[in-house]
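A short write-up of the structure that comes next.
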Amino acid sequence: MNKIFKISAMLFAGMLAFAACQKEPVLKLTDVGPEMTVSSYTESTYMGADIKFSVNLSDKDFALSTLKASLLYGDEKVSEVTIRTKENGVYEDKIHAPLLKKIPNGNASLVFTSQNVGMGITSDTVSVALKRPDFPELTFKAKSGQTYKMQKGEGYVYTATGDFPSDMQGLIETPAFDGQAITIGWTGSELSELNGNPIPFSATLAGEYT
């Protein structure tokens with residue numbers, strides 16, 4: 001029994017010594033990001049549509065980590081998507097160009113940022129021409145299930161006249177363009193395509209009004 005105990009103690013001591021000799025893993029860092037090429041992207045479209053893109057990534061020294069695409073109106077970031085990247089190759093996705101209030105026609109900046117596991121970063125920026133859509137009409141979809149056509153007036157003013165209750169709530173939908181339609185809701189203070197809450201309209205009395 002003493003021999004067995006001594007052998008076990010020696011084995012245990014040897015394991016502790018072996019563990020003590022093991023070095024702590026060191027995180028290898030780099031200031032060199034992946035090789036990145038923006039293969040293609042939607043160069044011009046409407047606000048409210050999606051911008052498609054394709055990016056080629058490779059890194060011979062580090063595993064890939066992420067690819068981010070950020071859309072900026074001026075200096076303001078309005079949309080972003082993040083893709084997990086593991087292997088060298090082509091990554092395709094899309095990013096939404098929101099329809100926002102008082103944004104003039106012009107160029108937006110589409111910024112691509114790729115990173116490897118060594119924290120190395122590569123960035124590239126391209127320009128996307130955006131135009132505000134000018135729809136011939138809109139559709140008001142009431143909570144009751146009824147729909148009403150809103151006719152275009154001057155500028156971006158749309159109206160519908162009908163026999164309405166004093167409290168009228170619903171969403172506004174645009175005609176489809178680039179294969180998609182925009183649904184416009186209410187933030188609590190203004191219209192927005194980024195919010196799906198019903199828009200409140202009201203009149204003093206029920207009846208015909210615009």
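Read the figures in this text as sums done on the coordinates, not as results from a lab. Every value quoted in this text rests on a predicted model; they were computed, and no experiment measured them. Note that each Cβ is placed from the backbone with ideal geometry, even for glycine, and that neighbours are counted across all protein chains shown.
Can you tell me the 0 to 90 degree angle between the C-alpha axis of helix 2-21 and the longest principal axis of the chain, rounded to 10? Tilt of helix 2-21: around 50 degrees. Measuring nothing but how far apart in sequence close Cα pairs (under 8 Å, 6+ apart) lie, relative to its length, the chain scores a relative contact order of 17 percent. Considering the chain as a Gaussian network with a 10 Å cut-off on Cα pairs, which listed residue, Pro165, Pro133, Pro198, attains the greatest mean-square fluctuation? Of the options given, Pro165 has the highest mean-square fluctuation. The amide H of Phe135, built 1.01 Å from its N in the peptide plane, has no neighbour under 5 Å, considering only residues 5 or more places off or on other chains. Sorted on the mean count of surrounding Cβ atoms within 10 Å across their residues, most packed first, peptides 172-185, 143-156, 36-49 read 36-49, 172-185, 143-156. Where [x] 58, 26, 12; [y] 31, 18, 14; [z] 34, 30, 18 are the candidate values, the label of the one calculated here for semi-axes √(5λ) of the Cα gyration tensor in Å is [x].
Note that the stretch 132-143 has calculated 3J(HN,Hα) couplings of 6, x, 10, 7, x, 7, 10, 10, 8, 9, 6, 4 Hz, one per residue in order, obtained from phi through the Karplus relation 6.51 cos²θ - 1.76 cosθ + 1.60 (θ = phi - 60°); glycine and proline are x. Listed by chain and number, the lysines whose C-alpha is less than 20 Å from the C-alpha of Lys77, apart from same-chain residues fewer than 8 away, are Lys52, Lys68, Lys94, Lys101, Lys102, Lys131.
Each peptide in 121-129, 74-82 gets a packing score, the mean of other Cβ atoms within 10 Å over its residues, and the list from highest to lowest is 121-129, 74-82. For the chain, the 222 nm mean residue ellipticity estimated from helices alone, with every DSSP H stretch of n ≥ 4 adding -39500 (n - 2.57) and the total spread over all residues, rounds to -3500 deg cm²/dmol.
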